[in-house]
Amino acid sequence: MKEEDRAILEQNFQAKIDNDIRIEPNDWMPDAYRETLIRQISQHAHSEIVGMLPEGNWITRAPNLRRKAVLLAKVQDEAGHGLYLYSATETLGADREDTIDDLHSGKAKYSSIFNYPTLSWADMGAIGWLVDGAAIMNQVPLCRCSYGPYARAMVRVCKEESFHQRQGFEIMMTLAKGSPEQKAMAQDALNRFWWPALMMFGPNDAESKHTAQSMKWKIKRHTNDELRQQFVDVTVPQAELIGLTVPDPDLKFNEQTGHYEYGEINWDEFWQVVKGNGPCNKERVDARRKAKEDGLWVREAATAYAAKKKLRKQAS
Amino acid sequence: MSNKEWPLWEVFIRSKQGLNHKHVGSLRAADEEMAIDNARDVYTRRSEGISIWVVLSSNVFASDPSEAPELYEPSDSKIYRHPTFYDVPDEIQHM
Ligand SMILES: [Fe+2]
Ligand SMILES: [Fe+2]
C-alpha cells in the first residue's frame, strides 16, 4: 500500500472513532489497533478463565446448598465470559489456541489478583465484592469501546457481573453479622484482598504506557487512577456499613474534593506478581496447562466421532 | 500437543416466540449437535432464548465494507420511497 493511501485510511479510521462510529471486524484498521485489541481482549479472556480457579477451590466446601449453587453459577458465568472474549479475539484474526498457548507459556498475562490464594470461605465474599466490583468498574466503560465485538461482549458480561458482586457482599455481610470468629474471618479476607483489588486497575497514570493511545482509540474511556478512585469512593462506605475496616491507616475522606484519599500502593509487590513471582502464579498456569493436556483425548474423540457421524449420514 | 481446533460456529438465538433469530456470537464445537449444546450453555444461561440456530462460520459470506457507499447510497437518495415524501391535505385524517 502506498504511504499516502495508508494516511487516508488512517485518517478515516480516526474520524470514525471520533464520531463514535464502531469499528467492525471487516473494517480497515491500523495494525497497532488490531494488536492492542488482541492483546487486551485475550488477557481479559485469560483473566476470566484463570479467575475460575481460586473460587472453584471452594465449591465443594461451600457452607450450604444455597451458597454452593450460587458459587457454581458464578464460576460458570466466568467460563462464559472467557468464551465471549476468546470469540471476540477471533474476529480480529487471532487464533484461539495460539492465544491460550501464550497463557500457558507465560507470554500472555492475566489479572494479577488471581495469583493470590483463597484461604477461607470469607475469601469467596471478598472476591465477589471487591474483585468483581473492581472488574465491573473496568468493564462498564468497555461497553462503549470502539471495537464492536468487544463492546457487545462487555454488555453481556456486565449484565451478568452484578449478581457476582452482590453474592460476594452478601457473604461478607452475613459473616460480619455472625460470631466474633466469623467477623474476624471477614476482616481477614478484606485485609488480604483490599490492596490487590486496588492494584487491579493497573499502574498509576504516569507509569501506564498504553493509556494515551488507547484513549485516543476509545478502547479505554477512563484512566487507571480515575477508575481506582471511583472504586475506593463507592467501596469504603460499603465496608463501613457492615462494620469492617479498610486496612489503610492513611485512608481519609476529603470534604473539599468529595473523594477518599488512600495510602501508597505497594507497586513493588504488583510488579513482582505480574512478573510471575506471586504466591500462586505457577499453580494457576500449571492448572490451566494440565486442563488442556488432560482434555486432549476428549477433544480428539469428539472430532473422530463427528467425522464418523458425518460419514454415516452421507452413506444413508 | 495437537492444536487442531474444532470448527467455528456462529450462533443465532430466538429470544421469544414471534421474534427473529438474532446473531449473538460464536463458539467452537466438533459438530452441529455439540455446537447447539454449547450455545445453550454459553448464550442462554438466563432464559435468553427458546430456539437456537448454529451455522458454520465458514459458510457465512459477508459484503465488503469498502463497497458500502456503492451498495447503500442509491437507496439513500430515493426519498420518494418513504411516505413522508408526499403532501396529504390536512382535511384527510387517515391515509
Ligand atoms: Fe467475569
Ligand atoms: Fe464475575
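The values are calculated or read from the model by the stated rules, or taken from the named source; none is laboratory data. As the structure is a prediction and not an experimental result, all values here were calculated from the model. Because the Cβ atoms are built from the backbone with ideal geometry, glycine has one as well, and the counts that use them run over all protein chains shown. Just the protein is used for accessible areas: all its heavy atoms, side chains included, with ligands, DNA and RNA removed. Shrake-Rupley method; radii C 1.70, N 1.55, O 1.52, S 1.80 Å.
One table, with the values for the structure above:
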| quantity | calculated |
| --- | --- |
| Accessible area per residue, Å², chain A with all protein chains present, probe 1.4 Å | 49 |
| Net lengthening on full extension, A:L72/A:K209 (0.36 nm per residue, minus Cα-Cα) | 45.6 nm |
| Efficiency of FRET from Cβ geometry, A:S162 and A:Q256, R₀ 41 Å, rounded to 0.05 | 0.80 |
| Two-site FRET efficiency, A:N277 against A:R61, from Cβ-Cβ distance with R₀ of 25 Å, rounded to 0.05 | 0.35 |
| In Å², nearest 10: area of B:K78 left accessible to a 1.4 Å probe | 50 |
| Potential extension, A:E35-A:K109 segment - 0.36 nm per residue separation minus Cα distance | 25.2 nm |
| Overall Cα dimensions of chain B - principal axes, largest extent first, Å | 74, 35, 16 |
| Translational diffusion coefficient (Stokes-Einstein; Kirkwood radius from C-alpha pairs) of the protein assembly as shown at 37 °C, 0.692 mPa s, in µm²/s | 136 |
| Candidates A:A15, A:A134, A:A122: whichever shows maximal mean-square fluctuation once chain A is modelled as a Gaussian network with Cα springs under 10 Å | A:A15 |
| Rounded FRET efficiency, nearest 0.05, which uses the C-beta distance separating B:D37 from A:R312 and R0 of 25 Å | 0.80 |
| Cα-projected label distance for B:K4 with B:R81, points at 7 Å along beta-carbon direction, nm | 4.8 |
| Within a Gaussian network of chain A (alpha carbon springs, distance under 10 Å), most fluctuating of A:P117, A:P25, A:P149 | A:P25 |
| Percent carbon-and-sulfur accessible area, the protein assembly as shown, ignoring ligands, DNA and RNA, probe 1.4 Å | 55 |
| Hydrodynamic radius by Kirkwood, which averages 1/r over all alpha carbon pairs of the stretch A:148-254, in angstrom | 16.0 |
| For the stretch A:224-271 versus the stretch B:1-70, the gap between their alpha-carbon centres in whole angstrom | 42 |
| Candidates A:Y84, A:Y116, A:Y305, ranked by Gaussian network fluctuation over chain A, Cα under 10 Å, top entry | A:Y305 |
| 21 Å Cα-Cα reach of A:K309 towards lysines, excluding residues that sit fewer than 8 places from it in its own chain | B:K4 |
| Distance from the stretch A:105-122 to the stretch A:158-204 (C-alpha centre basis), Å | 16 |
| Mean separation of Cα contacts under 8 Å (6+ apart) over length of chain A, as relative contact order % | 18 |
| Backbone N within the stretch A:115-152 under 12 Å of label point (7 Å from A:A287 Cα along the Cβ vector) | A:115-119 |
| Cβ neighbours within 10 Å from other chains - mean over B:25-34 | 6 |
| Distribution of pairwise C-alpha distances over the stretch A:233-285, 5 Å bins, in % | 4, 16, 17, 16, 13, 15, 12, 5, 1, 0 |
| Subset of A:K74/A:K216; A:K74/A:K109; A:K107/A:K159; A:K109/A:K218; A:K313/B:K16 violating a 29 Å alpha-carbon distance limit | A:K74/A:K216; A:K107/A:K159; A:K313/B:K16 |
